[in-house]
Amino acid sequence: MNELNVGIVGYNFMGKAHSNAWLQASKFFDLKAKPVLKVACGRSESAVKAFAKTWGWEQVETDWKKLIERSDVDIVDIALPQHLHYDVAIAAAKNGKHLFCEKPLSFTLAQAEEMAKVADDNGVVHYLNHNYRRVPAVALAKQMILDGQLGRLFHWRGAYLQDWIVSPDFPLTWQLQKETAHAGPQWDLNSHSVDLARFLVGEIKSVSCLTTNFISERPLPGSGATAFSSGTNAKTEMGKVTVEDAALMLVEFDNGAIGSFEATRFATGRKNHHTFEIYGSKGSLVFDLERMNELQYYSEEDQDGTRGFRTILVTENSHPYIGHWWPPGHIIGYEHTFTHAVADFIDAVAQGKKISPNFYDGVKTIEILEAGLRSAETGTRIVIP
Ligand code: SOE
């Protein structure tokens, strides 16, 4: 079998989730090429060497510009904070590297459009890792909607609720600063929800949004501070939070449906509560990532008197991706969605085919998110051209 050499840039949360997927995919999927964990790149040589040893990356680099010029790298995996996506993706595409890029795609719509164009101009496959499209229950929802089982769609109700910064003692990590995150939950979390809404309901034609801050100053971080982890030795010196803490967004879809999006890191008790509800003329669906092997389904066509939301346990071999894993009822987890993405991406690269979501999906999502921030600033509804 031919091989595809991967070079990864970034070794924290996403670096780990991606490394696991690059290792697992060829064990559980009959791939058209085998991914090889060739090079891991990070600024700290000691940290990236330890990461490479743990996950089996053959070599290390401390300069991403060197990694993307290597002739023994076919794929560049961008597992970095979003302020670095643009520079790495553009340069890697110009070196003919296929791109597996973490969400959100970029800071601005202009950057997103350029990333998509340069990737296409250089004939590389580009994938934007909205991994939740590859949760079997979400892929099943897509099939049910395409089969018309929900009929005409009326409502999308999406929420992405976390609570890792409720404490005022949580330090000022990169996710809370405009220069490294661009925005807060509107970018980090509503990017997921907008991608799923576009995937399941359709394109969005107008946006109204409200954002707010609950805590405006935080201690500067010590070591190891990032999402969900306050790290150690936080400083006594304080710094300003320069992104929103929560965003509420209302949209109109092209197909006449309307939608609501809640994104916050102050939903005390909610850990990674990424949910959607879709209501249609013939039925409805409800998904909750914290119960990701289940899909709630209501059908108007069920018998009178016994109609009600039923729980579909999405673990049958006939369900998307499940046949590659375990027998019915042996549930899968968060990390499997990354393996599904890697399997589909490798096959797309091996066959020279496109994959979704890709950078053009990223352009549409950034356009909606940016419109949301503009709406929040101006207090007006923004029509998407
Ligand atoms: C932090 O909010 C985060 O790690 C997001 O960046 C991921 O995209 C999400 O899947 C889990 O939470």
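A few notes on this one:
- Sparsely packed loop sites in segment 320-385 (the trypsin sites (Lys or Arg not before Pro) outside DSSP H, G, I, E and B with at most 10 other Cβ atoms within 10 Å) comprise K353.
- Amide H contacts of F266 (H built 1.01 Å from N, under 5 Å, at least 5 apart or other chain): Q162
- Cα-centre dipole for the chain with unit charges at Cβ (Lys and Arg positive, Asp and Glu negative), debye to 20: 400
- Residues whose amide H falls under 5 Å from that of A40, counting only those 5 or more places apart or on a different chain, are I8, Q59, V60, E61, with hydrogens built in the peptide plane.
- Segment T306-D120, extension gain: residue separation times 0.36 nm, minus the distance between their alpha carbons: 61.8 nm
- The Cα center of segment 205-241 and the Cα center of segment 103-142 differ in position by 26 Å.
- If you wrap the tightest convex hull around every Cα atom of the chain and split its volume per residue, you get 144 Å³.
- Violating pairs (Cα-Cα greater than 20 angstrom) within the set K34/K353; K32/K94; K271/K364; K103/K354; K16/K235: K32/K94; K271/K364; K16/K235
- Cβ-based net charge around S191, under 15 Å, with every Lys or Arg adding one and every Asp or Glu removing one: -3
- For segment 154-166, the Karplus equation 6.51 cos²θ - 1.76 cosθ + 1.60, evaluated at θ = phi - 60°, returns couplings of 10, 10, 10, 10, x, 8, 9, 10, 10, 9, 6, 10, 4 Hz by residue, with Gly and Pro reported as x.
- Computed FRET value (nearest 0.05) for K49 with D169, which takes r as the C-beta separation and R₀ as 35 Å: 0.60
- Neighbourhood charge, 14 Å Cβ-Cβ cut-off, centred on N5 and excluding it, Lys, Arg +1 and Asp, Glu -1: -3
- Fully extending the segment from F228 to N20 would add 72.9 nm, taking 0.36 nm per residue of separation and subtracting the current Cα-Cα distance.
- Restricting the GluC sites (Glu not before Pro) of segment 281-314 to loop positions (DSSP other than H, G, I, E, B) with no more than 13 neighbouring Cβ atoms within 10 Å leaves E300, E301.
- Calculated FRET efficiency for the pair E58/N317, C-beta based, R₀ 35 Å, to 0.05: 0.50
- Using θ = phi - 60° and Karplus 6.51 cos²θ - 1.76 cosθ + 1.60, couplings along segment 57-74 (whole Hz; Gly, Pro as x): 6, 5, 9, 10, 9, 10, 10, 4, 5, 6, 4, 6, 8, 6, 6, 9, 10, 9
- Summed side-chain charge close to A234 - residues other than A234 whose Cβ falls under 10 Å, Lys, Arg +1, Asp, Glu -1: 0
- Filtered trypsin sites (Lys or Arg not before Pro), segment 99-165: DSSP coil and at most 16 other beta carbons within 10 Å: R152
- Listed residues N131, N190, N95, most fluctuating in the chain (Gaussian network, C-alpha, under 10 Å): N95
- Heavy atoms of the protein chains alone define the surface here; on that basis segment 2-132 has 40 Å² accessible area per residue at 1.4 Å probe size.
- Average projection, convex hull of the Cα set of segment 181-244: 5.7 square nanometres.
- Linear extension gain, T108 paired with T236, 0.36 nm per residue minus alpha-carbon span: 42.8 nm
- Normalised by the number of residues in the chain, the mean separation of alpha-carbon contacts (under 8 Å, six or more apart) gives a relative contact order of 21 percent.
- With a Förster radius of 45 Å applied to the C-beta separation of T380 and K65, the computed FRET efficiency comes to 0.60.
- Among G15, G305, G123: highest mean-square fluctuation, GNM of the chain, C-alpha pairs under 10 Å: G305
- The H on the amide N of N129, modeled in the peptide plane, is under 5 Å from the matching H of C101, E102, K103, each at least 5 residues off or on a different chain.
- Karplus 3J(HN,Hα) series, Hz, for segment 204-210 with 6.51 cos²θ - 1.76 cosθ + 1.60 (x for Gly, Pro): 9, 10, 8, 9, 10, 8, 10
- Global form of segment 1-155, assessed from the alpha-carbon gyration tensor, a/c cut-off 1.5: prolate
The values are calculated or read from the model by the stated rules, or taken from the named source; none is laboratory data. Note that the coordinates shown come from a computational prediction; the quantities given were computed from them, not determined experimentally. Here the Cβ is made from the backbone with ideal geometry for all residues, glycine too, and neighbour counts use every protein chain on show. Each accessible area value is taken on the protein alone, full model and side chains, heavy atoms only, with ligands, DNA and RNA left out. Shrake-Rupley method; radii C 1.70, N 1.55, O 1.52, S 1.80 Å.
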